[in-house]
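The values are calculated or read from the model by the stated rules, or taken from the named source; none is laboratory data. In this text, all values refer to a predicted model and were calculated from it rather than measured experimentally. Methodologically, a virtual Cβ is constructed for each residue, glycine included, from the backbone with ideal geometry; neighbour enumeration extends over all protein chains shown.
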Amino acid sequence: MAARPDSIELLESARVPALVIVGDEDQIASVADAEAMADALPKVTMARLMAAGHLSAMEDPRAFNAAVRDFVAGLT
């Protein structure tokens, strides 16, 4: 996956709300990578989880679930 071509420009055409979640300690997809994705999305919410890495849903499930819950609640 690391060798695949960058396709971040495709995000600009997204016309739906999107949630980008990143673990502050992620060594695979950095906070800067997540911020670049968020910047490319027209309708985005970004959540940065301070006590998580790449597997943020497993490493900090409470914070991850709260981010998803808040995002979904904002859709209505």
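Tabulated data for the structure shown
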| quantity | calculated |
| --- | --- |
| Boolean, residue 38 is outside any helix (DSSP H, G or I), surrounded by 11 or more Cβ atoms within 10 Å (Cβ to Cβ) and modelled with pLDDT of 95 or more | no |
| Top-ranked residue of region 10-30 - restricted to ones that are assigned to a loop (DSSP other than H, G, I, E, B), within 24 Å of residue 76 (Cα to Cα) and over 13 Å from the mean Cα position of the chain (by Cα), ranked as modelled with the highest pLDDT | 16 |
| The one condition in (1) modelled with pLDDT under 95; (2) not in a helix (DSSP H, G or I) that residue 33 fails to fulfil | (2) |
| Residue 69 vs. criteria in contact (Cβ under 8 Å) with a residue 24 or more places away in the chain and surrounded by fewer than 12 Cβ atoms within 10 Å (Cβ to Cβ) | no |
| Complete set of residues in region 57-76 that are of a type in the set (A, V, I, L, M) and in a loop (DSSP other than H, G, I, E, B) | 75 |
| Residue, surrounded by the fewest Cβ atoms within 10 Å (Cβ to Cβ), within region 17-35, restricted to residues that are farther than 17 Å from residue 67 by Cβ and among the hydrophobic types (A, V, I, L, M, F, W, C) | 32 |
